[in-house]
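Chemist: Please see the structure below; I have some questions.
The values are calculated or read from the model by the stated rules, or taken from the named source; none is laboratory data. These figures come from a predicted structure and were not determined experimentally. Counting neighbours? That spans all protein chains shown, and the Cβs are built from the backbone with ideal geometry, glycine included. With ligands, DNA and RNA removed, areas are computed over all heavy atoms of the protein, side chains included. Shrake-Rupley method; radii C 1.70, N 1.55, O 1.52, S 1.80 Å.
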Amino acid sequence: MTFLLTDIEDSSTSWERSPVAMRAALSAHDALVAEVVASHRGVVVKHLGDGCWAAFSSTSDAVEAAIEFQRRHQRERGGLAAGGALALAVRIGLHTGDVEPTGDDYFGPTINRLARVTDFANGDQIVCSAATAALVREVDVRSEGLHELRGIGAEEVFTVRADDVLHDPSPLRLPVTPNNLPRPRTSFVGRTSDLDRTVAELAGGAPLVTLVGPGGVGKTRLAVEVAHRSAERFGERTYFCDLVPVADGEAVVEAVADVVGARRQPDMDLAASITDHLAGRSTLLVLDNCEHVLASVRELVEPLLAADGLQLVCTSREPLAVAGEQAVIVSPLPAGGAAVELFVDRAQHRDPRFELTAANEEAVRTVVHRLDGIPLAIELAAARIRVMSPAQLAERLADGVDVLSRNRRGDRHETLRNTVRWSYDLLDPAEAKMFERLSVFAGGFDLDAAEEVCLPDGSDADDAMELLLALVDKSMVESVELDGHQRFSMLVTLGAFAREQLAAGGDDEARRHRHARHYLEVARRQNGRIFSAAEPDAWRILDLEWANLRTAFDIFVAAGDVDEAAELVVALVWFASMSMRFELFGWAEELLERPGIEAHVRFTDLCGAAAVGSYFTVDGLVTERAEAGLTADPSDPEGFCRCALASVFLNNVHTAEASDELTSAWLDSEPATIGGRLWANAFRTLHLVSHDPTPEAAERAAAVADIAASTGSVTARALEAWANGQVVSFTDLDRGVEIWREGREWAQSLPARHLVDELLVGLILHVTVRRGELASVLRGCRDGIGQARDQHYYAGMSHLFGVTAIALSRAGDAPTGARLVGSMLGRGHMPRRNARRELEVALGDELDVLLDDGRGLTVTEAGDLAIEALDAAIIAASS
């Protein structure tokens, strides 16, 4: 099939400056896409933020649809511009390939490449891949040369031209590096001096800038704007961590580690591991809403400031009081210009017909004055513009806010609280009850969760939808579309007020337990989809709901409910392993510390989960934990214990005999789960290829392929390539590498970095070095180690030191290679025999001394040493 992807260029700026006009423009764009796609026998698959994704069975239909859309859009845009309306440029990407349909959706490498190809287009450009260009007839298609597709490799990219369609002559652009910053959907009003000062502080090297001000004053919005303005310097190493979902201080470190991708490392606590992960690279970390966990944030920030290259922006109601902190006081907007501008902007967001006129200007000024220029209070008032005029708002506010008593906590604090109370009191009883109950969610929620957790028994989804729409309309709840799905959340001040009301009504404990049980079912349901054709959607959901899953675990633990806490952990192990969300394994360790846990029905599975985590973080306890689990239950129900042991036996210091016994016995036990069968066959393939290359290796690889075909799982397809490529490469090395590269594309088609992708990188590098392709292997080792370091996946990084040692030895730096192998040995990892032979030839008697020197290096130190040496070798090889 051929797929078409549209994207509105620079849409964030348009949303920022003209949100009302942008909504109208996006609606017109979507309508035109739907009409054009249908007229060319295609189908719109889904809306993706500020663009659409469509599918065609005919390449020519897809190309003609792209041309017609640009022709009509550009003509209509000209009329809009002449009338002073918002005129937007759209970029379009096309790619053709095989896909796996599931329901009304598609997934796989083809979709991944489509997104990467589209990244190169500017507005008023149509770009396509070589696969599409080869099928185009009677259309002008011009090569723009080879371009590097992020995470995939080089691809020839083409532009599509038509005589009556404007084509931007600019060179194809460099893709924007992704980060997790929230995408503003409202304009940024006022704050020019605060914004400029904070950006300047960061540019000047300030290690910590704290935006300080009362609730609702706009600290978060300012922090996000600062981060966006600074993103060019930090790129993808810009991280936003919202601490609102963090229930207590102990969870602060886990939340930050999750956002930045840090994993607990041997001989380090998690805070030290975060510092280790971020040190030495230019990074911006935004910690939002610190006030309720201030002591814990301070305790984390102090060591983080020692990480060279890291800068932090925090938001809080008071300074952190940390050495080197620069505090920027964020005050309410002046009750004149900026506050009035904000009211008008947000009122037009609710009612595009609203205008500031001579007749209503005085009333608007009265409203913002009575609200002390507090942005959140102004937004809550402006949200009522469809049912109250500015004069009515001013009158109601005089009764509901201004005349209420104020105390020594601060006038503005009371103004905001009373405004929230005023808005809450205007809700009808059902809306108010829903508002209170929604406060149990962490990090957002969807309609199904709101229905299940917040509605009385016997209600239906229509009730939840109507109540949510009412709350969104009144700015009590925020709504945003993510990948075609609607997502809801509450601002921190509103959430805090709602939780107070929930607790006062005595309903908080019951709702928290409903919340925890709901997300346990989410985890179970999505776990059942991991090894299926629906795997990409399961990854998306589990990633999106991680804060709620963490909260559910905390609720179960606080209530002493080990049974359900253990079920939650077990349901998430495969996802956490494949997506390298190592926080989950800390939850398993926490449960294993509970008194009497040895008698629990899930003890073996918890031991296996902890063992898998130990392997990933190279902490040396893999075998001890896995064998404790197998002693309790030799059947190993989920297969976690054997999976951890197989990783050790096949990659570390264990013998071929032990590996043979484990991998054969695992299959003989007939694993009960799809995940267990998949990995049992895959590890058996690896053992046979490594130690006993008999025809059984092909049989085991075929068994992996059968599971992939029967399930449609992306992970299974990637693992199929991992296993099958090893077998094929014995007789056809080129085909083996091709299979592995196809497997990488499958792994990269999922929403997050995949463990199997890391495994495939290592295999490809070992083949490349065997062929003597020095320049390629140097670059490949640099990329692989850099990616493993970015993932804080130190087991993977350590495994790459062997092939890196060979490459460095051939580049004339055998001593560094020997130190890297020494570091491997110090972690219990065995390099391949060819690495040792290469170093013996190059170094002779000096080798043992250098190996001992390397054993003293941490994985971090060895990784830094490897990257420095590889960079130097790459420069030397290219000169």
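Chemist: When you have a sec, figure out the Kirkwood radius of region 811-879 from all distinct Cα pair distances and drop it here in Å to one decimal?
Modeler: For region 811-879, the Kirkwood estimate is 12.2 Å.
Chemist: Moving on. Over the Cα atoms of region 739-840, what is the Rg over Rh ratio if Rh follows Kirkwood?
Modeler: Here Rg/Rh amounts to 0.97.
Chemist: Between TRP422, SER27, CYS52, whose Cα lies farthest towards the positive end of the dipole of the chain when Lys and Arg beta carbons carry +1 and Asp and Glu beta carbons carry -1, centred on the Cα centre?
Modeler: SER27
Chemist: If you take the square roots of the eigenvalues of the alpha-carbon gyration tensor of region 413-456 and sort them as a ≥ b ≥ c, do you get rounded (a/c under 1.5), prolate (a/b over b/c) or oblate?
Modeler: oblate
Chemist: Report the percentage of all Cα-Cα pairs in region 556-598 whose separation exceeds 12 Å, rounded to a whole percent.
Modeler: The share of Cα pairs beyond 12 Å in region 556-598 comes to 59 percent.
Chemist: When the expected Rg is taken as 2.2 N^0.38 Å, what fraction or multiple of it is the alpha-carbon Rg of region 679-745?
Modeler: Against the compact-globule rule of thumb, the ratio is 1.00.
Chemist: Distance between Cα centroids, region 186-210 to region 339-397: provide it in whole Å.
Modeler: Here the answer is 27 Å between Cα centres.
Chemist: Right, here's the next one. Rounded, prolate or oblate, given the Cα gyration tensor of region 205-252, with a/c below 1.5 counting as rounded?
Modeler: oblate
Chemist: Looking at region 572-647, I'd like the Rg to Rh ratio, where Rg is from alpha-carbon atoms and Rh is Kirkwood's inverse mean 1/r.
Modeler: Ratio of gyration radius to Kirkwood radius: 0.92.
Chemist: Order 865-874, 350-359, 386-395, 578-587 from most to least packed using the mean count of other Cβ atoms within 10 Å.
Modeler: Going by the mean number of other Cβ atoms within 10 Å, highest first, we get 578-587, 865-874, 386-395, 350-359.
Chemist: Let me ask you something else. Where the centre of each part is set by its Cα atoms, how far does region 557-616 sit from region 424-445, in angstrom?
Modeler: If we compute the Cα centre of each part, the gap is 33 Å.
Chemist: Kirkwood Rh over alpha-carbon pairs of the chain, then Stokes-Einstein at 20 °C and 1.002 mPa s: what D in µm² s⁻¹, rounded to an integer?
Modeler: In µm²/s, the coefficient is 73.
Chemist: Same structure again: Roughly how many percent of the accessible protein surface of the chain is carbon and sulfur, given a 1.4 Å probe and a whole-percent answer?
Modeler: Heavy-atom surface of the chain belonging to carbon and sulfur, 1.4 Å probe: 49 percent.
Chemist: Cβ neighbours within 10 Å, averaged per peptide: list 224-234, 49-59 in order, most packed at the top.
Modeler: 49-59, 224-234
Chemist: Mean Kyte-Doolittle of at least -1.0 plus a Cα span of 27 Å or more along the axis: flag which DSSP H helices in the chain meet both, please.
Modeler: 19-39, 59-82, 859-878
Chemist: With a 1.4 Å probe and all protein chains left in place, how much accessible area per residue does the chain have, in Å²?
Modeler: Value for the chain: 40 Å² per residue.
Chemist: Suppose we keep just the DSSP beta bridges with both residues in the chain; what percent of those would be antiparallel, to 5?
Modeler: 60 percent
Chemist: Same structure, new question: Name the residue farthest towards the positive end of the dipole of the chain from the options GLY213, THR198, PHE120, assuming +1 on Cβ of Lys and Arg, -1 on Cβ of Asp and Glu, about the Cα centre.
Modeler: Checking the options against the dipole of the chain, the answer is THR198.
Chemist: Moving to a separate point now. By the gyration tensor of its Cα atoms, with a ≥ b ≥ c the square roots of the eigenvalues, what is the shape of region 260-343: rounded for a/c under 1.5, prolate for a/b over b/c, or oblate?
Modeler: prolate
Chemist: Report HIS73's accessible area, 1.4 Å probe, all protein chains in place, as a number in Å² to the nearest 10.
Modeler: 30 Å²
Chemist: With no solvent and one point on each alpha carbon, what is the Debye value of log10 I(q)/I(0) for region 255-301 at q = 0.17, 0.32, 0.33 Å⁻¹?
Modeler: -0.52, -1.29, -1.30
Chemist: Sort 519-527, 665-673 by packing, meaning the average of other beta carbons within 10 Å per residue, with the highest value first.
Modeler: Ranking the peptides 519-527, 665-673 by packing returns 519-527, 665-673.
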